[in-house]
Amino acid sequence: MQALLNEILDQVRPLLGQGQVADYIPALAEVPANQLGIAVYGVDGSLHTAGDATTAFSIQSISKVFSLVQAIQHSGEDIWQRLGHEPSGQPFNSLVQLEFERGRPRNPFINAGALVICDINQSRFAAPALSMRDFARRLSGNAHVVADMKVAESEYQHRARNAAAAYLMQAFGNFHNDVETVLRSYFHHCALAMNCVDLARACGFLANQGLCTHSGEQLLTPRQTQQVNAIMATSGLYDEAGNFAYRVGLPGKSGVGGGIVAVVPGRFSVCVWSPELNPAGNSLAGMAALELLSERIGGSVFSPL
Ligand code: GLN
């Protein structure tokens, strides 16, 4: 595995310079582009890394997996009264379907869906931002995970689109808490700074039927875990979920910080990071690295070796 990871990074490195670092907020636009890392965390607890695997980055939409898991933990199937689990085929911040579908987001991994999940969590936790930070610490086994408050504040200053989604849902009666408070929690989740090792470890339970290998905590039932993986496989990369299934064939979740986590059920979780994005907002080199990895190990869930 170690040799394979080194080889994969060498193969995708020529892609560096061909994408575009997220620039919708200044704090992300400043991230040096020329970075690439990967970490693979086996269900047996083994860890392999290559490149910039211990450089922290903004997890952004990868946090949507963790907030969904929190919501499933306390509310189970009830959450599906508020949103769906269908792919949207739209960019992550699109508003078009929300109006047609009367304020009910298609899935928890587009922004509107994640905001509803944050609203559900806001009704359950006294301090959702801290609950999420502590959850990320437990999942990763890294007690030093914190949010980058410069990123969180910058997101809030540029919140117009996310605010529009939340207020539209409120107008349809599908938002129960103060919108500005929930937006603050959501941006705090997005601003968590973690590295590839943290995220590979944090997603290990998704490869291990809901069981976190390093803490022994059963986070979800095996069936719930399978369901989260299914939503990742169909909606984890926004309007590029089909392309990701075609090229990589794994449950995955990306963020505009350039991270992508993916899961080979029963084997390992992986996080790859490179800040330059393709036009859909997914890491350009990250996608290529996961495609090579999946191909080389016969990992695609559609045709496992
Ligand atoms: N903070 C970003 C937003 O809300 C997260 C989007 C993403 O990573 N796709 O627009």
If I fit a long axis through the Cα atoms of helix 2-12 and take the longest principal axis of the Cα atoms of the chain, what angle between them do I get, 0 to 90°, rounded to 10? 70 degrees
Phe92 neighbourhood, Cβ < 14 Å, K/R = +1, D/E = -1, net charge +1
Based on the mean of other Cβ atoms within 10 Å per residue, sort peptides 86-94, 141-149, 33-41 so the most packed one is first. 33-41, 86-94, 141-149
How far, in nm, would the chain grow between Arg267 and His74 when pulled straight, counting 0.36 nm per residue and subtracting the alpha carbon separation? 66.7 nm
Semi-axes of the equivalent ellipsoid for the chain, Cα gyration tensor, largest first, Å: 28, 21, 18
Can you compute the modelled spin-label distance between Asp23 and Arg296, with each label point 7 Å from Cα toward Cβ, in nm? 3.3 nm
What order do you get for Trp80, Trp273 when you list them from fewest to most C-beta neighbours inside 10 Å? Trp80, Trp273
Summed over the other residues with a beta carbon less than 14 angstrom from that of Met149, with K and R at +1 and D and E at -1, the charge totals 0
Using the Karplus curve 6.51 cos²θ - 1.76 cosθ + 1.60 with θ = phi - 60°, work out ³J(HN,Hα) for each residue of the range 88-98 in order, rounded to whole Hz, and write x for Gly and Pro. 9, x, 10, x, 4, 10, 5, 10, 4, 6, 4
Starting from 0.36 nm per residue, how many nanometres of slack lie between Asn93 and Ser46 once their C-alpha separation is accounted for? 13.3 nm
Let me check against my output: what whole-number percent is the relative contact order of the chain, with C-alpha pairs under 8 Å and at least 6 apart? 27 percent
Mind listing the phi-derived Karplus ³J(HN,Hα) values for the range 13-18, rounded to whole Hz, using 6.51, -1.76 and 1.60 with θ = phi - 60°, and x for any glycine or proline? 3, x, 6, 4, x, 9
Relative to the chain, whose Cα atoms define the longest principal axis, helix 222-235 and its Cα axis are tilted in degrees, nearest 10, by 90 degrees
So what is the 222 nm mean residue ellipticity for the chain from helices alone, if each DSSP H run of at least 4 adds -39500 (n - 2.57) and you divide by all residues, rounding to the nearest 500 deg cm²/dmol? -13000 deg cm²/dmol
Hits in the range 136-158: amide N under 20 Å from the 7 Å Cα→Cβ extension of Thr181, namely 153, 156-157
Whole-Hz Karplus couplings 3J(HN,Hα) for the range 174-190, θ = phi - 60° and coefficients 6.51, -1.76, 1.60, Gly and Pro as x, run 10, 8, 10, 10, 4, 4, 5, 5, 5, 4, 4, 4, 4, 5, 5, 4, 4
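Computed from the coordinates by the stated procedures, all read-outs in this text should not be read as laboratory data. Just so it is clear, the structure is predicted and the values come from calculations on it, not from any experiment. Cβ atoms come from the backbone with ideal geometry, glycine included; neighbour counts cover every protein chain shown.
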